[in-house]
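The values are calculated or read from the model by the stated rules, or taken from the named source; none is laboratory data. Since the structure is predicted, the reported quantities are computational estimates derived from the model, not experimental observations. Methodologically, a virtual Cβ is constructed for each residue, glycine included, from the backbone with ideal geometry; neighbour enumeration extends over all protein chains shown. Quick note on the areas: whole protein, heavy atoms, side chains included, nothing else; ligands and nucleic acids left out. Shrake-Rupley method; radii C 1.70, N 1.55, O 1.52, S 1.80 Å.
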Amino acid sequence: MISLGLRLVVNGGREAVTRLVILTVAVGLGVGLLLTAVAATNAAVTWNNRHAWFWTGTSSVAPHDAAAGTAPLWWHPVGDFFDGRQIERFDVAAAGASSPVPPGLPRDPDPGTYYASPALVALIRDTPASELADRYPGRLAGTIGDAALPSPDSLVIVVGRTPAQLAQTRDTVQVRSVNDVLPGSFVPPGTTCGGPHCRPAPNPEGLAYFPNDAGGGSSSVDLILAVVALAILTPVLIFIGTATRLSAARREERFAAMRLAGATRGQVSLIAAIESTAAAVLGTAIGFGLFFLLRIPVAGIPFIGQPFFPAELTLSLSDILLVAIGVPLFAALAARMALRRVYISPLGVARRARPKPPGAWRVIPLLAGLAELGFWTVHGHPASGSGQIQAFASSFFIILVGLFIAGPWLTMAAALAMARWTSRPATLLAARRIGDDPRAAFRAVSGLVLALFITTAAVVAITTQDAKETTPSGTAAQSNLMTDQIAALSPSGSRVTDPGPAAPAAALAARLDAIGGIHGVAVLRVDPALTIPGTFHDLNVNQSGQGVPVPADVVSCAQLATVPGLGRCPAGATAAAIPAGALGPNDFLANQDTSGFTWPAANVPAARLDALGVDALGVETDGTTTAIEQARTVLETEPAYPVLNPPSTPEDYVVADVASNNGYQQLANVVILVSLPIAGCTLVAGIAAGLADRKRPFSLLRLAGARLATLRGVVALEGAVPLLSVAAVAIGAGFAGAAMFAQEAQQHPMVAPGAAYYLLTAGGILVSLGIIAATFPLLARITGPEVARNE
């Protein structure tokens, strides 16, 4: 029987060879997409895990147990920016030869040397030294290896210092191991962890430092896997399953004839499996070749906001075996399922018996998925990050499966409604044909229907998250303002606990004033006895709603006048009071435009002002990259004022706040851009299969006098009715699911997408209708009299 099956594959005439070629190509494309999705998932997990060492010494991760005799490593992480790009900087000093070494480095850098990532080395080389290179003392000792970098675009530097230098530097810790495990939940410094999704910091002795490029946390691995499994692999598997059903009706007739001639079920199953498996094996080989051919270009696509290293876009042995064995096995199972009518009644197939219509029970799984999502919205989702992902992924998976199960019944209902309200021949024929086999009618458009659901849910989630992000919106003076928080703050962020020395501030201000494009410098100084009404600080309001007095800094009105982004003094005052710590990265000025504020007068004599310790500096720039980066370099290299968080502009705050969100947004964009083409391929395969199966009935209709225009109308309606009817339900389910997800997971009311979504959806539907219309020229060829005669 095996040899007979192979002969039927290759010696079955032109139709058999054509079917084999089309099926092989279709499976090859599907397998190539499947391998790319799996490899990209592996690369995303590697990308995420490579952020682990950025968290070394912070309060978000527990310290590791170091081996006995390990010398400590002085560790001082410093966030940094350059022209809207984030930089991770680590100043280190080895206390001995056994001190831990950061990944990607052959050894700890000597004092006066540094290791930098290749992207940062290129940036330093191409940028004037006063804007970037002067921040990093010494010379380049080498580049950081790829094994330590999340992406080829990562900007990372490790600067060598002496133990004596870092021992006197604030915000420095000693570590005996470099972290290699990501924290599960992120709590940025200056925010409150009071909800069920936050967990206590495991290392209270660590630094309150939050890396600029933080990765996604350990729970994001589960999120990436869930997204790929639901939104990419499901459409790919549907496409492969649809492709394996090419000429299904013709094969049913042939196998029914074999059964009537005496072939057993097992023999028919074996022949069907051989036909499908042969094409699947060839297609799998093509898919592997396609993946390895496109692996390097695909690695450059920023799936999660950053490109991957090509070496990380790899497949494990289990991935290779699963695809190489699973796809042919899946094709064989699909072929067997397609022959269930032959097994039950071969005579019924030969006589074109009508299959049993789908029942209304098919909508139950769809409603169950929406109900489960509603349950999480009403009763709350699990507290852990992995639990949340499992809960929401389960709900969306049930909705996806529910749409696929409910599709045939919804298609049949639309066909019955269409037949009830029309008397046109083409419409009646299309309604009758859809009603005879709604499963086949829906199967052709199933990929596009699921893609529309995925696109709707993803776009709404992105739009809601974008609306949730807080973006400073100030005047031109506010956007040109650079602030530098010098003093250490209390855990609440409202009280200065360690001000910087007073003396260097005047010289530093003079150095900044000498830079072209700097319009003014304001030094905020600490007066322990000074307070201002809490109405100037929205975080300090008591239960009665009255403002609570808060500690304040004092600033010279002469200096404040040169920095309009910080506000202004009242008329006649010589000094003003501003909330202490207001220039911190997560505090007052990070969220408000204060350029129009009039601050209270401070009764501090000018003679005493210069003797007070320094809390922060505000620098008014002209907004150019040259002025901003030169000022940032001067501020970062002032030895009297070491930094943990870099001098920043409001735009830098935006970059830091939305970096992780941009990664997830890019992942959603990739899902949309991948699922829609896959859906288009599924539609093409479904239309091709439908045309091949309808050659004989259409040719008989033409012999009976049906016009070609009528047949074209039948083809158009057979594709458009299930597409439009089920797509409407899918889009509605996408909006409903996204609304409940936004309410519970994103903690924000759903925000409707913009015009781009509606244009994308309309464009996708129009393209799909165009694919259906593209088959019209073929009708004349496949419905001629010779086709009926040959059949």
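Which distance in nm do the two modelled labels at THR70 and ALA311 give, with both placed 7 Å along the Cα-to-Cβ direction?
The two pseudo-label positions are separated by 2.4 nm.
Going by amide H atoms built from the backbone, whose H comes under 5 Å of the H on VAL550, apart from near neighbours?
Sorted by chain and number, the residues that satisfy this are ILE532, GLY534.
Using the Karplus curve 6.51 cos²θ - 1.76 cosθ + 1.60 with θ = phi - 60°, what ³J(HN,Hα) values do you get for each residue of the stretch 745-750, in whole Hz, with x for Gly and Pro?
Values, residue by residue: 7, 8, 6, 7, x, 4 Hz.
Take each of the peptides 622-633, 672-683, average the number of other beta-carbon atoms within 10 Å over its residues, and list them starting from the highest.
On the way: 622-633: 19.8, 672-683: 21.7.
Ranking, from highest mean packing down: 672-683, 622-633.
Whole-Hz ³J(HN,Hα) for each residue in the stretch 80-86, computed from phi via Karplus 6.51 cos²θ - 1.76 cosθ + 1.60 with θ = phi - 60°, x for glycine and proline: what do you get?
7, 9, 8, 6, x, 10, 8
Rounded to the nearest 0.05, what FRET efficiency is calculated for THR637 and ALA62 with R0 set to 25 Å and r the Cβ-Cβ distance? Don't jump to the answer; show the numbers that get you there.
Details: r = 34 Å, r/R0 = 1.34.
Efficiency at R0 = 25 Å is approximately 0.15.
Order 639-648, 763-772, 141-150 from most to least packed using the mean count of other Cβ atoms within 10 Å.
On the way: 639-648: 20.2, 763-772: 16.4, 141-150: 18.3.
Peptide ranking by packing, descending: 639-648, 141-150, 763-772.
For the stretch 700-776, which whole-number percentage of the solvent-accessible area (1.4 Å probe, protein heavy atoms only) is attributable to carbon and sulfur atoms?
Values: 2430 of 3390 Å².
Summing carbon and sulfur atoms, their accessible area is 72 percent of the total for the stretch 700-776.
Pop out the ³J(HN,Hα) list for the stretch 122-127 in order, Karplus 6.51 cos²θ - 1.76 cosθ + 1.60 with θ = phi - 60°, rounded to Hz; leave Gly and Pro as x.
5, 5, 4, 5, 9, 10
What is the set of long-range amide H partners of ALA488 at a cut-off below 5 Å, with H atoms built 1.01 Å from backbone N?
Answer set, sorted by chain and number: THR497, ASP498.
Label PHE776 and ASP513 with points 7 Å out from Cα along Cα→Cβ: what is the distance between them in nm?
A separation of 7.8 nm, rounded to one decimal place.
Whose amide H sits under 5 Å from the amide H of THR113, counting only residues 5 or more places off or on another chain, with H placed in the peptide plane?
For THR113, whose amide H was placed from the backbone, the distant partners under 5 Å are ARG139, GLY160.
By average Cβ neighbour count within 10 Å, what is the ranking of 552-558, 118-124 from highest down? Display every interim value, and only then the final one.
On the way: 552-558: 23.4, 118-124: 18.9.
Packing order, densest peptide first, comes out as 552-558, 118-124.
Compute the length gained on full extension between ALA752 and LEU428: take 0.36 nm times their separation in residues and subtract their Cα-Cα distance, giving the result in nm to one decimal.
Residue separation times 0.36 nm, minus the Cα-Cα distance, leaves 112.8 nm.
Per residue, how much accessible area does the stretch 20-145 show when a 1.4 Å probe rolls over the protein heavy atoms, in square angstrom? Don't skip to the answer; put the middle values down first.
On the way: 4290 Å² over 126 residues.
Ligands and nucleic acids excluded, the figure is 34 Å² per residue.
What translational diffusion coefficient, in µm²/s and rounded to a whole number, does the Stokes-Einstein relation yield for the stretch 22-169 at 10 °C and a viscosity of 1.306 mPa s, taking the hydrodynamic radius as the Kirkwood radius over Cα pairs? Before the final figure, lay out the partial values.
Values: Rh = 17.4 Å.
In µm²/s, the coefficient rounds to 91.
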